Amino acid sequence: MSHAIDIDLHREGPGGLETEEMTLNMGPQHPSTHGVLRFVVKADGEVMRRAIPDIGYLHRSIEKIAEKVGYHGFMPYTDRVDYVSAMQCNQGWAMACEKLAGIEVPRRGEYCRVIASEFGRIASHLISVGATGMDMGAITPFTHAIREREYINDILEELCGARLTFNYMRIGGCAWDLPPGFAKRAIAYLDRFEPLIDEYDELISFNKIYVERLANVAPITPERAISWNLVGPNLRGSGVRYDVRRDVPYSAYPEFEFDVPVGTGERGTLGDCYDRYMVRMREIRQSCRILRQALEGIPAGPVVAKVPRTFKPAPGAVHVRVEASRGDMGWFAVSDGTAFPVRVHIRTGSYAAMAAIEELSKGLMIADLVAVIASLDIVAPEVDR
Amino acid sequence: MDADGIHRALREKFAGAVDPDWVAGEWPIVTVGSASVAEVCRLLRDEPALGFDCLSNLSGVDRKDDDRIEVWYHLLSYRHRHQVALRTTTPRLDPVLPTVSHLWPIANWLERECWDLLGVRFVDHPDLRRLLMPEDWVGHPLRKDFVEPDEYHGISTRRESLLKL
């Protein structure tokens, strides 16, 4: 967090008129900032010269907590890293521990993880696309999206008893097996949900006003996206076909068929806000596809491996990556052979997206900043940890 | 390029700075002298056969017992689909490293975070301010010997136990 800002006032404008650079403060509490974060906007009339992100308002020192609570004890805290999509955070931490200690997860456990993660991804993308609509002034689509997300929360609640901070996974597998009849109910829900994606598309994705609001706004070239370390849907929106689930396969993902949708600049420029939005819409369909395969093909067996209660992995350092809803989430964990990790570092998708905004905002209209934040799907707790 | 090739390419150019041993794994670990990190990174990024176009992560680790701070650079190449982890160390008393923020823009924030939480000074960084902690915070919280202050601007950080055991 910082408040030091250089201000250059009075300068010559066109026609010899003196103009003044305007400094606007957006946040920390603002309905479209998706959490508590702040932008210092330097504007010349309606055009931004720079929007400087100021983060840290939601810093809960989760990485420091990890050093104090030990490996098993850290699992509930990982939910809070990204509480919009907590399942993948669970999975990232579990995978880091498993890699440190060389634990193999039973196949049914991996399937349960995939099912939980993909439901989490759909719920998170629904929030993202719904909030994008709302930030652009379309309130109704958000209610549609949030309604479906509530049903998915019900499904996840059935799985683990919680609706947001799941604490579902364990080192070596999952805490609970699927409840009786879960697969049948989940598939019945998908049968109902999938036609609603089309409905949602008709409602907003191809709406002329909405398309023109997002298309050609803040395009990111593939090269810039990579050098900024943008990941997940933000990277794929720029046309880079890279998905950790497919390119660095983990868990049970190699057993499923799914496509990796990328942006093509279909309504404007490659990598614009509309491309990023559309990638999320298409990923929802792919998640449904993975879910159907996983729910139908789930093998029998235990869901969790035998892991000692005093978990002391051998000294070493690992860096694992999972495809979270906001993209490649890196979990760096260092062990010294004791029951407490020496260091845990979480590199999240929103962090890079947030860092990119300062460059990306140059020359944009002030009103488009909201579109940029929404299309990059920034979730503030994930930035600050 | 495989890990052995990456290591050999680095050894050819920086025989003095790159450790002859490397550790195999998903992220092959190459140990680099702290003064040469920026040049090694530049070669990794600009040499077409290496082509590391993305800095995936930069993490500092406080190794208090060895009196040093370890910094890890996890590099990715989307072009060639290979990856490598660079490991370097710097003395704990005055940790200094050259910046790589001119090579990958994301390093700007990652280095600011490392400065904020671990106190590693990145030379020639354009804007080395705290990132997550308040700017008037004293100390670097991820240091192993960091002591939490009793209060911050009159707000106590101590709480009475509700259980009264």
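Would you please name the residue that is farthest from residue B:71 (Cα to Cα), looking only at residues in segment B:104-136 that are in a loop (DSSP other than H, G, I, E, B) and more than 9 Å from chain A (Cβ to nearest Cβ)? My answer is B:136. Which of the residues spanning segment A:165-195 are small (Gly, Ala, Ser) and part of a helix (DSSP H, G or I)? A:183, A:186, A:188 - these are the residues of segment A:165-195 that are small (Gly, Ala, Ser) and part of a helix (DSSP H, G or I). Within segment A:358-384, the set of residues being within 11 Å of chain B (Cβ to nearest Cβ), buried (at least 23 other Cβ atoms within 10 Å of the Cβ) and either touching a strand residue (DSSP E or B) at 6+ places or on another chain (Cβ under 7 Å) or acidic (Asp, Glu) (or both) comprises just one member, A:384.
Is one or more of the residues making up segment B:34-55 surrounded by fewer than 21 Cβ atoms within 10 Å (Cβ to Cβ) and in a strand (DSSP E or B)? Checked segment B:34-55: no residue is surrounded by fewer than 21 Cβ atoms within 10 Å (Cβ to Cβ) and in a strand (DSSP E or B). Of the residues examined, residue A:11 is one that is at pLDDT below 70 and away from chain B (no Cβ under 14 Å).
Quick test of your reading of the structure: residue B:53 fulfils all but one of (1) over 26 Å from residue A:242 (Cα atoms); (2) more than 14 Å from the chain's Cα centre (by Cα). Name the failing condition by number. It fails just one condition, (1). On the given criteria, is residue A:62 in contact (Cβ under 8 Å) with a residue 40 or more places away in the chain and either of a type in the set (Asp, Glu) or touching a Phe, Trp or Tyr at 6+ places or on another chain (Cβ under 6 Å) (or both)? Criteria met by residue A:62.
For the condition more than 18 Å from residue A:120 (Cα to Cα) and surrounded by fewer than 18 Cβ atoms within 10 Å (Cβ to Cβ), residue A:229 does not qualify. Residues that are modelled with pLDDT of 90 or more, more than 27 Å from residue A:223 (Cα to Cα) and among the hydrophobic types (A, V, I, L, M, F, W, C): does segment A:275-283 have at least one? No, the conditions are met nowhere in segment A:275-283. Does segment A:87-98 contain any residue that is on the phi > 0 side of the Ramachandran plot, crowded, with 19+ Cβ neighbours inside 10 Å and over 17 Å from the mean Cα position of the chain (by Cα)? No, because not a single residue in segment A:87-98 is on the phi > 0 side of the Ramachandran plot, crowded, with 19+ Cβ neighbours inside 10 Å and over 17 Å from the mean Cα position of the chain (by Cα). When each of A:111, A:151 is tested for being over 21 Å from residue A:251 (Cα atoms) and modelled with pLDDT of 90 or more, the lone residue that passes is A:151. Checking each residue in segment B:139-157 for being assigned to a loop (DSSP other than H, G, I, E, B) and either facing chain A (nearest Cβ under 10 Å) or surrounded by 10 or more Cβ atoms within 10 Å (Cβ to Cβ) (or both) picks out B:139, B:140, B:141, B:142, B:143, B:144, B:146, B:148, B:149. Taking segment A:297-326 as the range and being more than 11 Å from chain B (Cβ to nearest Cβ) and small (Gly, Ala, Ser) as the test, the residues that pass are A:297, A:300, A:301, A:305, A:314, A:324, A:325.
If you go through segment A:86-126 and keep only what is over 23 Å from residue A:286 (Cβ atoms), in a helix (DSSP H, G or I) and among the acidic types (Asp, Glu), you end up with just A:98. For segment B:15-28, the candidate set comprises residues that are assigned to a strand (DSSP E or B) and buried (at least 21 other Cβ atoms within 10 Å of the Cβ); within that set, the residue that is nearest to the other protein chains (Cβ to nearest Cβ) is B:22.
The values are calculated or read from the model by the stated rules, or taken from the named source; none is laboratory data. All values derive from a computational prediction rather than experimental measurement. A quick note on method: Cβ atoms are made from the backbone with ideal geometry, for glycine too, and the neighbour counts reach across all protein chains shown.
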